[in-house]
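Peer 1: Before we start, here is the structure in question, set down as structure tokens.
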Amino acid sequence: MSQMHQQAALSNCPSCAEPLESGDRFCGACGYDLSTVAAQSPDTPTLRMGHGAVPRPSAPADGGAEGAGWPQPPQPPPAHQAARPQASPGPGVRFDHPAEPEEYPLQAPDPRQAAEAVAPDAGAAVCVACRAGRVDGDGYCENCGHAQPRERDHMEREAGPLAAVSDRGLRHHRNEDAFAIGCAALPDGSPATVAIVCDGVSSATRPDEASLAASRTASEFLLAALPRGTHPQQAMHEAIVAAARAVDALAEEPAGAREHSPHQNAPACTLVGAVVTGGLLVVGWVGDSRAYWVPVDRAAPAARLTEDDSWAAQMVAAGLMSEAEAYADERAHAITGWLGADAYELEPHTASFEPDRPGVVVVCTDGLWNYAETAGEMAEALPPDAAVRPLHSARVLVGHALDGGGHDNVTVALVPFPVPPQGAGSA
């Protein structure tokens with residue numbers, strides 16, 4: 001393109017935007033030398049911005065050729081200006097900032113500082129998400145704010161030949177179930193095993209505390225009473241009464257606490273337990289948590305050992321509904337018996353059995369039996385080697401409930417019958 005053509009193409013002064021005549025070499029308004037415009041590259045169109053011109057690349061910035069004639073970036077501002085917070089760009093806006101000196105303060109946390117913060121206290125809990133921050137007393141990471149899993153979200157325990165597993169499930173925000181298992185020696189030296197499972201009543205206040213207090217109290221009572229020679233069935237009855245008192249005590253709030261929450265129910269839970277001695281199996285319960293008997297020989301029938309304290313069970317017992325009809329009703333799981341200060345009347349149920357063959361007692365909350373309600377369904381879900389691998393089998397049962405939907409907390413304890421020789425347990 002010739003200079004004439006370049007000049008003819010100018011209709012306004014590049015400096016003051018005054019209209020130009022063809023052939024003008026100087027602007028009549030500001031005196032701008034129009035001949036200098038011819039020195040610019042003819043292949044780079046310009047966009048006016050104020051009184052200057054900024055080259056626009058002929059290709060997008062991300063795909064332009066190297067050295068495409070971009071203007072030089074401005075010099076970094078003085079340190080006292082760079083330290084000022086800058087307004088963040090809006091969505092879809094990109095700013096290419098000049099390189100800053102190394103001594104400028106970092107906007108993001110320095111990983112080295114995070115490591116130094118954790119290093120002095122090797123015993124401190126470390127965040128499961130960022131693996132760098134400490135966990136505060138409320139269960140949140142001080143570095144990234146991630147909520148940490150609660151200790152009771154998933155629990156597993158073995159005690160000699162028996163085992164238990166509890167899981168929060170897939171729908172609840174916390175685990176309101178609790179369990180306790182243990183072994184004791186009878187006065188004649190023969191072994192006895194104990195398993196207690198409790199389910200917090202969600203409509204009550206602090207149900208997780210209720211289930212924990214009940215399971216611990218009942219288990220400790222049994223493990224102390226059996227070595228003294230108390231009959232297992234009597235010990236089970238007294239253990240349930242002791243557990244009820246422990247839950248009742250949780251309702252003793254400071255003066256004025258009820259004024260702020262007058263409509264809250266007292267802490268409450270259900271309880272089911274099993275004691276196995278040489279040739280005797282004892283179960284005890286209040287509420288709708290259950291115990292099942294599953295023989296090692298699956299050709300023999302399995303059986304449910306408990307009867308629910310529930311609306312559905314009452315309808316069936318009164319002959320008003322069939323079991324299928326009652327448990328299909330939306331009121332089926334409304335319980336009529338529980339441990340708690342607002343319970344109508346405490347009626348501990350106990351029963352003793354003398355099985356004629358080896359088997360496994362499944363002690364569980366409704367979070368499991370909702371997905372294996374009949375004794376046959378529970379036997380089908382229980383692995384065949386449960387008597388010798390109780391922990392593995394308890395995990396399988398919890399997994400069965402989670403695969404079924406995991407709508408509730410899930411807790412199960414497995415107690416082999418008879419008590420295996422000392423040292424037997426999960427492989």
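Peer 1: Just to verify a result, which residue in region 202-225, among those that are surrounded by fewer than 22 Cβ atoms within 10 Å (Cβ to Cβ) and of a type outside the set (S, T, N, Q), is farthest from the chain's Cα centre (by Cα)?
Peer 2: Here the residue is 225.
Peer 1: Going through region 263-284 one residue at a time, which ones are in contact with a helix residue (DSSP H, G or I) (Cβ under 8 Å, 6 or more places away or on another chain), within 30 Å of residue 189 (Cβ to Cβ) and crowded, with 24+ Cβ neighbours inside 10 Å?
Peer 2: If the condition is that a residue be in contact with a helix residue (DSSP H, G or I) (Cβ under 8 Å, 6 or more places away or on another chain), within 30 Å of residue 189 (Cβ to Cβ) and crowded, with 24+ Cβ neighbours inside 10 Å, then 271, 273, 275, 282, 283, 284 are the ones that fit.
Peer 1: Can you tell me which of (1) under 24 Å from residue 215 (Cβ atoms); (2) in contact (Cβ under 8 Å) with a residue 40 or more places away in the chain; (3) buried (at least 20 other Cβ atoms within 10 Å of the Cβ) is the one residue 372 doesn't meet?
Peer 2: In the conditions (1) under 24 Å from residue 215 (Cβ atoms); (2) in contact (Cβ under 8 Å) with a residue 40 or more places away in the chain; (3) buried (at least 20 other Cβ atoms within 10 Å of the Cβ), residue 372 misses (2) alone.
Peer 1: For residues that are open to solvent by less than 50 Å² (accessible area, probe 1.4 Å) and part of a loop (DSSP other than H, G, I, E, B), scanning just region 296-320, find the one that is farthest from residue 362 (Cα to Cα). I'd like the intermediate steps shown before the answer.
Peer 2: Of all residues in region 296-320, those open to solvent by less than 50 Å² (accessible area, probe 1.4 Å) come to 300, 302-303, 305-306, 308-313, 315.
Restricting the remaining residues to those that are part of a loop (DSSP other than H, G, I, E, B) gives 300, 302, 305-306, 308-309.
Working: 300: 16, 302: 11, 305: 10, 306: 11, 308: 15, 309: 18 Å.
It comes out as 309.
Peer 1: Does region 412-427 include one or more residues that are more than 30 Å from residue 234 (Cβ to Cβ), open to solvent by less than 50 Å² (accessible area, probe 1.4 Å), of a type in the set (A, V, I, L, M, F, W, C) and in contact with a strand residue (DSSP E or B) (Cβ under 6 Å, 6 or more places away or on another chain)?
Peer 2: The answer is no, given that none of the residues of region 412-427 is more than 30 Å from residue 234 (Cβ to Cβ), open to solvent by less than 50 Å² (accessible area, probe 1.4 Å), of a type in the set (A, V, I, L, M, F, W, C) and in contact with a strand residue (DSSP E or B) (Cβ under 6 Å, 6 or more places away or on another chain).
The values are calculated or read from the model by the stated rules, or taken from the named source; none is laboratory data. Nothing here was measured: the structure is a model prediction, and the numbers come from that model. Because the Cβ atoms are built from the backbone with ideal geometry, glycine has one as well, and the counts that use them run over all protein chains shown. These accessible areas exclude ligands, DNA and RNA; they are computed on the full protein's heavy atoms, side chains included. Shrake-Rupley method; radii C 1.70, N 1.55, O 1.52, S 1.80 Å.
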